[in-house]
1. Nearest 0.05, what FRET efficiency do Arg203 and Ala114 give at R0 = 30 Å with Cβ-Cβ as r?
2. Once every DSSP H run of n ≥ 4 in the chain is given -39500 (n - 2.57) and the sum is divided by its residues, what mean residue ellipticity at 222 nm do you get, rounded to the nearest 500 deg cm²/dmol?
3. Which residues make up the longest stretch of the chain clear of chymotrypsin sites (Phe, Trp or Tyr not before Pro) that lie in a DSSP loop with no more than 16 other Cβ atoms within 10 Å, not counting the sites?
4. What residue among Gly207, Gly98, Gly27 shows peak mean-square fluctuation when the chain is described by a Gaussian network model with Cα springs under 10 Å?
5. With a/c under 1.5 counting as rounded, go ahead and sort region 5-123 into rounded, prolate or oblate using the C-alpha gyration tensor (a ≥ b ≥ c being the square roots of the eigenvalues; past the cut-off, prolate if a/b is larger than b/c, else oblate).
6. Of (1) 13.2; (2) 12.1; (3) 14.0, which one was derived for mean projected area of the Cα convex hull in nm² from the structure shown?
7. Of Glu154, Glu164, Glu65, which is the most mobile in a GNM of the chain whose springs link Cα atoms less than 10 angstrom apart?
8. What FRET efficiency do you get for Lys25 and Asp196 if R0 is 35 Å and r is their Cβ-Cβ distance, rounded to the nearest 0.05?
Amino acid sequence: MGDIKILMVDDEPRMRKLVKDFLTKNGYIVVEAGDGEEAYNIFTSTNDISLIIMDVMMPKMDGYEACKEIRALSKNVPIILLTAKSTEKDELRGFELGVDEYITKPFNPQILVARVEAILRRSGQDQEDDIIEAGGIVIDRVAHKVTVDGSEIELSFKEFELLEYFLSNIGRALTRDNILNRVWNYDYFGDARTIDTHVKKLRAKLGPKGAYIKTIRAVGYKFEVEE
């Protein structure tokens with residue numbers, strides 16, 4: 001899936017946390033905003049927002065106005081509106097502004113995640129390469145197979161996911177929290193030192209190429225291919 005960043009906009013902190021928790025568990029990066037004005041400012045200050053989930057009734061700038069302003073800048077970024085209103089007139093207004101999906105509160109967070117995934121598939125943003133390769137290490141996601149210089153190596157499920165995460169973020173410093181959240185997910189409450197144990201085993205299985213996994217003191221790790 002890569003690092004897909006979603007902007008969650010709602011003036012209720014509990015609603016933002018609920019949606020963020022479910023999306024994060026499914027591998028997405030979530031940025032929060034408390035009103036339409038803040039959402040607009042975040043969107044205009046970055047170019048890596050892949051999808052926006054936005055409440056309608058908010059202070060400063062409501063969801064409709066924020067949608068209008070954002071659509072003036074981007075016709076492509078998908079927008080999902082959350083609303084307690086469910087009249088055809090309200091929905092029509094949203095669709096006229098370029099909203100991709102309308103979800104009425106209260107809603108099942110799992111349904112929201114499914115809608116997000118469907119929209120991203122349609123927009124082509126969640127497509128992953130079946131093969132990842134770096135420095136002679138090849139990961140076949142479909143076959144769940146790893147080869148090093150053409151020779152297959154046996155990895156545990158978590159070792160495979162850890163290596164996949166490293167190769168998907170070459171040259172990027174990854175904190176232990178990053179790794180726990182993306183590989184072990186938020187439902188893991190163990191000691192972060194489990195990462196160090198898995199990295200040690202993974203390095204051993206990669207042989208000389210295990211040196212590509214660099215330790216960043218007091219931070220975490222970085223996968224970097226040596227020339």
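We did not get these values from a lab; they are worked out from the coordinates using the rules stated. Keep in mind it's a predicted model, so treat the numbers as computed, not measured. As a convention, Cβ positions derive from the backbone with ideal geometry for all residues, glycine included, and neighbour counts pool all protein chains shown.
1. 0.20
2. -11500 deg cm²/dmol
3. Here the longest run is 1-106.
4. Greatest mean-square fluctuation among the candidates belongs to Gly207.
5. rounded
6. Structure-derived value, by its label: (3).
7. Of Glu154, Glu164, Glu65, the most mobile in the Gaussian network model is Glu154.
8. The formula returns an efficiency of 0.90 here.
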